[in-house]
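Single-structure report; data block below.
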Amino acid sequence: MTTTATLISVDARSIAPPNRHPSIFLAFRNLAAGEAMELINDHDPRPLFYQFQAEAPGQFSWDYLERGPETWRVRISRIAKTHGNGSCCGSCGGGN
């Protein structure tokens, strides 16, 4: 992983397959609201997108920067969740 200002780059190609998704989610959880990470992969990470939908609904945006055929790059941004009463319980990660 490399970091620049508010963009973290995660090259999944260099991570052992069993550790890829956990490493990517760890990087995402460490993002503050409004920050983004760039995921680099050797295949379309669409299954990861579905996992994000299940585990972090409403907390991310997903934008393809490059779509193969050899390299896929996706910008995954952390979206701030707002609460109706202006307070945060911390359970959604919005307080980070």
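Nothing in this text is a laboratory measurement; each read-out follows from the coordinates by a stated rule. Everything numeric in this text was worked out from a predicted model, so none of it was measured. Cβ coordinates were reconstructed from backbone atoms using ideal geometry, including for glycine residues, and neighbour counts include every protein chain displayed.
Observations on the structure shown:
- For segment 35-56, filtering for residues that are in contact (Cβ under 8 Å) with a residue 12 or more places away in the chain, over 23 Å from Gly68 (Cα atoms) and over 10 Å from the mean Cα position of the chain (by Cα) leaves 1.
- Residues of segment 50-78 classified as surrounded by 16 or more Cβ atoms within 10 Å (Cβ to Cβ) and over 19 Å from Ser14 (Cα atoms), total: 6
- Cross-chain or 6+ apart pairs with Cβ under 8 Å, segment 11-34 first and in contact (Cβ under 8 Å) with a residue 40 or more places away in the chain and within 16 Å of Phe52 (Cα to Cα), then surrounded by fewer than 11 Cβ atoms within 10 Å (Cβ to Cβ) and charged (D, E, K, R): none
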